[in-house]
1. Please give me the summed charge of the neighbours of residue 41: other residues whose Cβ is under 14 Å from its Cβ, Lys and Arg +1, Asp and Glu -1.
2. Please report, for the Cα atoms of segment 29-101, the Rg to one decimal and the Dmax as a whole number; what are they, in angstrom?
3. Counting only other residues whose beta carbon sits under 14 Å from that of residue 81, what net charge do I get with K and R as +1, D and E as -1?
4. Which FRET efficiency value, to the nearest 0.05, is calculated for residue 34 and residue 59 with the Förster distance at 22 angstrom and r the Cβ-Cβ distance?
5. What net charge is computed for the residues neighbouring residue 65, neighbours being all others with C-beta under 11 Å from the C-beta of residue 65, Lys and Arg scored +1, Asp and Glu -1?
6. Pop a pseudo-label 7 angstrom from the Cα along the beta-carbon direction at both residue 49 and residue 89 and give the gap in nm to one decimal.
Amino acid sequence: MPWILRLSSWMLATAVVGITTHAADAGSFTRGCAARDLQLLIVIEEQELAGSMSAEKVSDALLEMMHARIVCHHGRVLDALAIYDAVAEVVRPIRSGRALATEIK
């Protein structure tokens, strides 16, 4: 086999391994975004069912989550997770200590 064919097959193999590795890394990062997305969707649904979030606030949160999905899809996972954290701050239920005060003896 001529040396040029061996060189080109090694180059092709290197390219395939590089592409496969990059795709695997991207998949693992998007799993983190998907998990955070699901957590927030559950919190938003609970808040909406409880009637503690307005329709406008739900809509704004879902739009921001769509933005985070796009950012994550582009490979900027840390930026996407920061957006998810900002949405979580807005939709997080406010826990009041007064609800438990009646149980204190």
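1. Details: positive: 36, 69, 92; negative: 37, 45, 46, 48, 64.
Result for the neighbourhood of residue 41: -2.
2. Answer for segment 29-101, Rg first and Dmax second: 13.4, 47 Å.
3. -1
4. Taking R0 as 22 Å, the efficiency between residue 34 and residue 59 is 0.55.
5. Counting the neighbours of residue 65, the net charge comes to -1.
6. Distance between label points: 2.8 nm.
Read-outs: derived from the displayed coordinates by stated rules, not from any lab. Keep in mind that this is a model prediction, so the values were computed, not measured. Virtual Cβ from ideal backbone geometry, glycine too; neighbours counted across all protein chains shown.
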